[in-house]
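K.L.:
I have a structure here, written as structure tokens, and I will follow up with some questions on it.
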Amino acid sequence: MVNLTATDALFLDAWEPVSDLPVWQWVQENIVLGSDSELKRMDFDLVPMHKFCFVKFAEARLRRFTMMVAAQSGKTSVNLGYAAWKVRNKPNDCIWYADNAQKAKTFYKLKILPWLENCSAVKGMIPKARDKKTNTLIQFDSMNLHILGAEAKGNRESVTAFEIWADEYRRWPKGAGTAIDNRFKTIREYKKFVFSTAGDENDELHNEWKSGSQHLFFWTCPHCQHKQTFRFGREATSLYPEARECGGFVWDTNEVTKPSENTYNFPELEKTVRYECENKDCKYRFKYSERFQLIKTLEPIQMNPLADEDNVSVHWWEAYMPWAECAWGKIAVKFIKATYAAKTGDFEPLKVFVTETLGEPWRVPVKAQFTRGKVLERCGDYSVGETWDVQRDLSGRPSVCHVITADIQHGYLYYVMRQVRKLEFGGGSRLIDCGKMPWFDDLRAYQMAKKVDSGCVYLDCAYKPNEVYEACTAFGQWIDCSPLQHKSGRWWTGWRPVTGADNDYFNDVVNGIAIRRPWRDSNRDINIGKSGHARQIRVWEISKSHYRSRLFEYALPGLLPGWEIPQNIPNEYVEQMGHVTKRPKTNASGQVVDEEWHESGRHDFPDCEQFQLAAVDIGGWR
């Protein structure tokens, strides 16, 4: 009997013969899923879509495979499983691309290396020498595995590989995928695996998916034998261009699940969620407990018969997944919360629901420059100065709030005053007045005459910030408040300075819960005045891109309910709205990488309107 050392065992394991098992079976037997997974090993009875992917991965003719799916739907695990199989059984140089270098390094540490180390069939093949195992490269004896960011031109051109994985393709710089294809097109057996949650309609990910086979997964209704996919609603979408009469998620709306307008009892509502068969002669409503019965009948069906046989694309979403967080009731609750936010003007949760829960492309409403006629379409049946009547709720709080925002210029300021109505009273936002005035004393007199609360006046402090801070401290004070109102225990009652930031979102913690939102209290106490007599003011930061998008892609196109301007709106206001548009953004090589907002003239009123949208969020006036 021979006693093997641990080193000997690893050495012999590394020289184990290549497996003749199908890829899916090898993965099922050799891959142990991480602690963040609800399953220990891949179970293809629960998730047959994954097995379909591995079967296609193994086909010699395959050249492109695109997964446009929901978040947390196993897309990364499938590709990591295939990567481990390649290292063991069919090695050749490969590249794993993330959208940028920092994410690539993080992914290497948190996912790629732990996956390989947790696979007994591969662990012994991982090099021990430090110079052969870095954040960007693992040099196995039989192959190189690069882990790179796709944003750098050098990463796309300096390394050659037979196969690449394109992770979260929707976030890649525009043109990066095409540049890689052009670089590797001379390699006969080049394969490209694209996997990502969905992005915008007709972006590079969506076009990549459309060029492929467009496989969807159909189940058979046991009551009428009609084949259909899981599809959330009935309206036409990017993925389903035709509306339908019935089918999809349904739930009870009654005094138990919805006690009052805009108030839901979500635990009770979740219990009532069903999936309705889309056959109008059947309409059987399945309980979530019957889901597995349907999953067992899944059949991949190709929706694009014109696709090349070597170009496969697939789609599935949360309704197919066995995870607890993907239960049908929880999906319905996500939708209701997202649509409620959209009613208040915040479309971001709805976009997240469409792209990350449904895994479908988001239709960007409008990108064109606004003409005079388009702006005037937002005119309501009222004139400058006309306001809604003030109502009060049961606690005596008013139904409306007046907000003034001002953009500071050279020796004068532009302003906009809007009346915002709470959602329970019909919602909406009505422009009451706009114009130009000399300086802060005039704004103060205007505010007092209009009886606008000092805490509802927001000033842009990007230009002449110290003068703005001085004005703000002159018309307000700090008061003590509960930690629920503000974590500092202090609340500012007066004018509020606001500055735009390049961030898309800010991360914050509210009541112990991590959240992401397009504004934040900067927590910067600005000292105004001489030492010993200093007064403090806090600056609020907002995402310029977010609120500009909300104004020009939702409010002006009429997608923001009740957002109005008066019939006799000043001409200058209308003209300035036409000075802002979106244009392609290019890198140093002239390649289109994104889109950005561009101003071609004065844009003071658009800026004021952006601050109005932010003020509603900051002040909690929905």
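The values are calculated or read from the model by the stated rules, or taken from the named source; none is laboratory data. Keep in mind that this is a model prediction, so the values were computed, not measured. FYI the Cβ positions are ideal-geometry reconstructions off the backbone, even for glycines, and counts take in every protein chain you see.
K.L.:
Any residue that is hydrophobic (A, V, I, L, M, F, W, C) and crowded, with 23+ Cβ neighbours inside 10 Å - is there at least one of those in region 418-430? Can you show your working first?
P.N.:
Kept after step one, since they are hydrophobic (A, V, I, L, M, F, W, C), are these residues of region 418-430: 420, 423, 425.
Okay, now just the ones that are also crowded, with 23+ Cβ neighbours inside 10 Å, so 420.
Yes, the conditions are met somewhere in region 418-430.
K.L.:
Which residue out of 138, 164 is farther than 21 Å from residue 195 by Cα and either at pLDDT 85 or above or not aromatic (Phe, Trp, Tyr) (or both)?
P.N.:
The unique qualifying residue is 138.
Each row is one residue, and each column tells you yes or no for (1) in a helix (DSSP H, G or I); (2) touching a strand residue (DSSP E or B) at 6+ places or on another chain (Cβ under 9 Å); (3) modelled with pLDDT of 95 or more; (4) not aliphatic (A, V, I, L, M).
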{"position": "39", "(1), (2), (3), (4)": "no, no, no, no"}
{"position": "45", "(1), (2), (3), (4)": "no, no, no, yes"}
{"position": "49", "(1), (2), (3), (4)": "yes, yes, yes, no"}
{"position": "56", "(1), (2), (3), (4)": "yes, yes, yes, yes"}
{"position": "61", "(1), (2), (3), (4)": "no, no, no, yes"}
{"position": "68", "(1), (2), (3), (4)": "no, yes, yes, no"}
{"position": "73", "(1), (2), (3), (4)": "no, yes, no, yes"}
{"position": "77", "(1), (2), (3), (4)": "yes, no, no, yes"}
{"position": "87", "(1), (2), (3), (4)": "yes, yes, no, no"}
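K.L.:
Conditions first: (1) of a type in the set (A, V, I, L, M, F, W, C); (2) closer than 25 Å to residue 195 by Cα; (3) crowded, with 16+ Cβ neighbours inside 10 Å. Residue 342 passes all but one, so which condition is the exception?
P.N.:
Going through the list (1) of a type in the set (A, V, I, L, M, F, W, C); (2) closer than 25 Å to residue 195 by Cα; (3) crowded, with 16+ Cβ neighbours inside 10 Å, residue 342 breaks only (2).
K.L.:
Please go through region 431-467 and pick out each residue that is under 20 Å from residue 383 (Cα atoms), surrounded by 20 or more Cβ atoms within 10 Å (Cβ to Cβ) and not aliphatic (A, V, I, L, M).
P.N.:
The answer is 434, 447.
K.L.:
Condition first: at pLDDT 95 or above and within 25 Å of residue 203 (Cα to Cα). Can you find one or more residues in region 274-293 that meet it?
P.N.:
No, that holds for no residue.
K.L.:
Quick one: how many residues across region 171-212 are closer than 22 Å to residue 352 by Cβ and in contact (Cβ under 8 Å) with a residue 40 or more places away in the chain?
P.N.:
Matching residues across region 171-212 total 18.
K.L.:
Taking the options 204, 189, name whichever one is within 30 Å of residue 99 (Cα to Cα) and crowded, with 18+ Cβ neighbours inside 10 Å.
P.N.:
Of the residues listed, the single one that is within 30 Å of residue 99 (Cα to Cα) and crowded, with 18+ Cβ neighbours inside 10 Å is 204.
K.L.:
If residue 427 passes every condition in (1) out of contact with any Gly (no Cβ under 9 Å at 6 or more places or on another chain); (2) part of a loop (DSSP other than H, G, I, E, B) but one, which one does it miss?
P.N.:
Status for residue 427: all satisfied but (1).
K.L.:
Can you say whether residue 179 is in contact with a Gly (Cβ under 7 Å, 6 or more places away or on another chain) and hydrophobic (A, V, I, L, M, F, W, C), as far as the supplied structure shows?
P.N.:
Considered against the rule, which asks whether it is in contact with a Gly (Cβ under 7 Å, 6 or more places away or on another chain) and hydrophobic (A, V, I, L, M, F, W, C), residue 179 comes out as no.
K.L.:
Among 325, 270, 276, which is the only one that is within 27 Å of the chain's Cα centre (by Cα), surrounded by 15 or more Cβ atoms within 10 Å (Cβ to Cβ) and among the charged types (D, E, K, R)?
P.N.:
It is 270.
K.L.:
Still on this structure, please answer the following. When you scan region 577-594, do you find a residue that is of a type in the set (D, E, K, R), over 30 Å from residue 180 (Cα atoms), at pLDDT 75 or above and surrounded by fewer than 20 Cβ atoms within 10 Å (Cβ to Cβ), even just one?
P.N.:
No, there is no match, as no residue in region 577-594 is of a type in the set (D, E, K, R), over 30 Å from residue 180 (Cα atoms), at pLDDT 75 or above and surrounded by fewer than 20 Cβ atoms within 10 Å (Cβ to Cβ).
K.L.:
When you check residue 104 against the structure, is it assigned to a helix (DSSP H, G or I) and either without any contact (Cβ under 8 Å) to a residue 12 or more places away in the chain or more than 29 Å from residue 201 (Cβ to Cβ) (or both), yes or no?
P.N.:
Spelling it out, it is not the case that residue 104 is assigned to a helix (DSSP H, G or I) and either without any contact (Cβ under 8 Å) to a residue 12 or more places away in the chain or more than 29 Å from residue 201 (Cβ to Cβ) (or both).
K.L.:
Output the number of residues of region 372-398 satisfying the condition of being at pLDDT 90 or above and of a type in the set (Val, Ile, Thr).
P.N.:
Selection size over region 372-398: 2.
K.L.:
Moving to a separate point now. Which of (1) in contact with a Lys or Arg (Cβ under 9 Å, 6 or more places away or on another chain); (2) in the same structural domain as residue 348 (by TED's automatic domain parsing); (3) touching a residue at least 12 places away in the same chain (Cβ under 8 Å) is the odd one out, the single condition residue 235 does not satisfy?
P.N.:
The one condition residue 235 does not meet is (3).
K.L.:
May I pose another question? Where in region 259-360 are there helices (runs of 4 or more DSSP H), lying wholly inside it, with at least 1 residues that are under 30 Å from residue 41 (Cα atoms) and in contact with a helix residue (DSSP H, G or I) (Cβ under 6 Å, 6 or more places away or on another chain)?
P.N.:
Values: elements: 266-272, 291-295, 328-343, 348-352.
Answer list for region 259-360: 266-272, 328-343.
K.L.:
Moving to a separate point now. Considering 337, 330, which residue is at pLDDT 90 or above, charged (D, E, K, R) and closer than 20 Å to residue 505 by Cα?
P.N.:
When all the criteria are applied, what remains is 337.
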